[in-house]
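Trainee: Mind looking over this structure? Questions follow.
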Amino acid sequence: MEFPELYVIGQRDELFNYRIFGVTLLHGVSTSLASFYIALWAFEDRVGSKVVGDYESFAITVATSSFLSVIVEIVMDIKFWTALSFLVVTTSVLFFCLFSFLTQSINAFKIAPAVFCFPGKMPQGSLQQGLAWEVATALMYPISLQKIRLKTKREPEPSVELRAHIRRGSFCRRSSYAFSHHEGYAGLITRGDSLRAKESVYCPVGLFLKKHNKTKKL
Amino acid sequence: MAVNYSAKEEVDGHPSGGGGGVAGGGAVGGGGAVKTRKPDNTAFKQQRLPAWQPILTAGTVLPAFFVIGLIFIPIGIGIFVTSNNIREYEIDYTGTEPSSPCNKCLNVSWDSTPPCTCTIDFTLEHSFESNVFMYYGLSNFYQNHRRYVKSRDDSQLNGDNSSLLNPSKECEPYRTNEDKPIAPCGAIANSMFNDTLELYRIDNDTRIPITLIKKGIAWWTDKNVKFRNPSGDTNNLTALFQGTTKPVNWPKPVYMLDSEPDNNGFINEDFIVWMRTAALPTFRKLYRLIERKNNLQPTLQAGKYSLDITYNYPVHSFDGRKRMILSTISWMGGKNPFLGIAYITVGSICFFLGVVLLIIHHKYGNRNTSADIPN
């Protein structure tokens, strides 16, 4: 038990409790309802030049808008963007486009008409459906942004009492796995404290910088 | 936005170091070489990948909100104004009210000969410029019912000869009739809309017919790829459909839908438009086009018009309603105020939130930088 602060979060159920579950459930339900109903109202009794208010267009619009809402949510949630994160998100979007195109292509229809019953959909009506999903995701985006903004304002500075004190080892060492469970240097840097007062930076285990190696023996 | 680029450079490779690698060195067997199960010390496996951490500060979030607001509101206004400029006129001709001219056709059977006709006179207040689209609309008609949507045979409609004589099981109970396969099979085809609508302009007691164009109303991919007649001589469709029978509720078989060979059989455009199932119980489908004659005259002038209806399609039994709609279109489709309103709403919410956050930032945002840690 060298690092007791790692276990406190689990003991307190801070990351998954009834409240968080309820909020997540509500969020998912509201996103799905918004995705469906916005598409519904955009399509209601629509008059397209070739009547785009048909079953396929509606289904594809709802599916696309749900998918894009989820992608935007994930983008909002990822805090540390490695190359892998970028790759995965882009590949996800590309695969979606690719498979939409393939399943709606005319060749797929010729192979199995009962399964791939939406031939030639992509070129048609993409403008209207694009508008519809844009509105849906646009509604999600500012709400998420505001949530994040308020969260960054409300969180207090982490207290340092709970940090374990290193008794051995003369310089701070943490495995990066444990390190990744804390916030980065955001607070430190935006405060500007670390630039102003170098001597007073001691090294509790929570903060770790190779460069600022002036430690206080604890 | 401040970007924190942290290359985590942990050099600790000793197995006896910090919390991570202690358990890996479990000895297997007594005294021999200790097989460590610790993962390799690569950047990927030790989760030391360089990462980019976006930090949302007021300097990025506030402009973003304002920009989104400023982009969406004009788009919404543009869409709304465009939608309002679209002319639309709708006539409900179900005939449920006793005063309606079509009331006499309300309870007439679907296959009565001669068919019941009625005429409705109406007046257009404003003239309709540019191409006018004529739609028929149905209400309380659930073309999105699951069993209804499945009740078709796409390979039969694609011209496959084996499916023509042996339709798929999904079409039940509209698959065969008196031991002969039905072409086209299924409930969707069976319930095809078969009212005939004709438009006349009344000009000093003379009725001038308005040319209604019936080609070009279906999707190109539908007409040329998805729906194909059975292979053979296209001029003699009767022979191609030999061995099949017409759907139960149709007055005429499928090869007599139109006299022109490229609009007859499965590739009849009215049939194709009907087979494209609608998403909602209240829907409209394109019926005919009224093309603009020249740039000087409006397509439909303001004035008196008369609609002749051959009332074949019964909707009264399920409380459905039928209507005819005349509409112009724009670059974004037909009359759709919802999109414009939605864009304006989202844009103004964004703008308002931006203003609120700006106020919050101004009042409380400078608190952190004023504190100095004493030496």
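Trainee: If I filter segment B:227-266 down to residues being among the charged types (D, E, K, R) and out of contact with any Pro (no Cβ under 9 Å at 6 or more places or on another chain), which single residue comes out as farthest from B:D153 (Cα to Cα)?
Mentor: My answer is B:E260.
Trainee: Let me ask another. Quick check on my filter: what residues within segment B:283-334 are away from chain A (no Cβ under 14 Å) and of a type in the set (S, T, Y)?
Mentor: Of everything in segment B:283-334, those that are away from chain A (no Cβ under 14 Å) and of a type in the set (S, T, Y) turn out to be B:T299, B:Y305, B:S306, B:T310, B:Y311, B:Y313, B:S317.
Trainee: Under the condition of being open to solvent by 10 Å² or more (accessible area, probe 1.4 Å) and either of a type in the set (S, T, N, Q) or facing chain A (nearest Cβ under 7 Å) (or both), which residue from segment B:346-356 is farthest from B:I77 (Cα to Cα)?
Mentor: B:L353
Trainee: Would you confirm, using the coordinates I've provided, whether A:L102 is at pLDDT 80 or above and open to solvent by 50 Å² or more (accessible area, probe 1.4 Å)?
Mentor: Considered against the rule, which asks whether it is at pLDDT 80 or above and open to solvent by 50 Å² or more (accessible area, probe 1.4 Å), A:L102 comes out as yes.
Trainee: Another question, if that's okay. Based on what the data block shows, is B:T310 modelled with pLDDT of 90 or more and polar (S, T, N, Q)?
Mentor: yes
Trainee: Is it the case that some residue within segment A:22-31 is hydroxyl-bearing (S, T, Y), under 30 Å from B:N131 (Cβ atoms), in a helix (DSSP H, G or I) and open to solvent by less than 60 Å² (accessible area, probe 1.4 Å)?
Mentor: Looking for residues that are hydroxyl-bearing (S, T, Y), under 30 Å from B:N131 (Cβ atoms), in a helix (DSSP H, G or I) and open to solvent by less than 60 Å² (accessible area, probe 1.4 Å), one finds none in segment A:22-31, hence no.
Trainee: Say whether the condition of being free of Cβ contacts under 8 Å to residues at least 24 places away in the same chain, farther than 23 Å from B:P181 by Cβ and either surrounded by fewer than 20 Cβ atoms within 10 Å (Cβ to Cβ) or in contact with a His (Cβ under 7 Å, 6 or more places away or on another chain) (or both) is met by at least one residue in segment B:239-259.
Mentor: Scanning segment B:239-259, I find at least one residue that is free of Cβ contacts under 8 Å to residues at least 24 places away in the same chain, farther than 23 Å from B:P181 by Cβ and either surrounded by fewer than 20 Cβ atoms within 10 Å (Cβ to Cβ) or in contact with a His (Cβ under 7 Å, 6 or more places away or on another chain) (or both), so the answer is yes.
Trainee: Further question on the same structure: Would you please name the residue that is farthest from the chain's Cα centre (by Cα), looking only at residues in segment B:79-107 that are surrounded by 15 or more Cβ atoms within 10 Å (Cβ to Cβ) and β-branched (V, I, T)?
Mentor: If we take residues in segment B:79-107 being surrounded by 15 or more Cβ atoms within 10 Å (Cβ to Cβ) and β-branched (V, I, T), then B:T94 is farthest from the chain's Cα centre (by Cα).
Trainee: Then there's this: Select from segment B:117-147 the residues that are within 30 Å of B:C171 (Cβ to Cβ) and either modelled with pLDDT of 90 or more or open to solvent by less than 30 Å² (accessible area, probe 1.4 Å) (or both) and list them in ascending order.
Mentor: The answer is B:Y135, B:Y136, B:G137, B:L138, B:S139, B:N140, B:F141, B:Y142, B:Q143, B:H145, B:R146, B:R147.
Trainee: So, B:T310, is that one β-branched (V, I, T), more than 25 Å from B:I188 (Cα to Cα), over 25 Å from the mean Cα position of the chain (by Cα) and assigned by the TED database to the domain that holds B:I213 or not?
Mentor: no
Trainee: Which of (1) at pLDDT 90 or above; (2) within 13 Å of chain A (Cβ to nearest Cβ); (3) assigned to a helix (DSSP H, G or I) does B:K223 not meet, given it meets every other one?
Mentor: So the condition that B:K223 fails would be (1).
Trainee: Please work out if B:N194 is in contact (Cβ under 8 Å) with a residue 40 or more places away in the chain and part of a loop (DSSP other than H, G, I, E, B).
Mentor: It is true that B:N194 is in contact (Cβ under 8 Å) with a residue 40 or more places away in the chain and part of a loop (DSSP other than H, G, I, E, B).
Trainee: Here is a further query. Considering B:I213, B:I217, B:I208, which residue is free of Cβ contacts under 8 Å to residues at least 12 places away in the same chain, touching a strand residue (DSSP E or B) at 6+ places or on another chain (Cβ under 8 Å) and in the same structural domain as B:Y135 (by the TED database)?
Mentor: Result of the check over B:I213, B:I217, B:I208: B:I208.
Trainee: Only one of B:K215, B:K150, B:K223 is in contact with a helix residue (DSSP H, G or I) (Cβ under 9 Å, 6 or more places away or on another chain) and surrounded by 21 or more Cβ atoms within 10 Å (Cβ to Cβ). Can you tell me which?
Mentor: B:K223
The values are calculated or read from the model by the stated rules, or taken from the named source; none is laboratory data. Quantities reported herein were computed from a predicted structural model and do not represent experimental measurements. Please note: Cβ atoms are built from the backbone with ideal geometry, for glycine as well, and neighbour counts cover all protein chains shown. We work out accessible area using only protein heavy atoms, side chains counted, and drop any ligands, DNA or RNA first. Shrake-Rupley method; radii C 1.70, N 1.55, O 1.52, S 1.80 Å.
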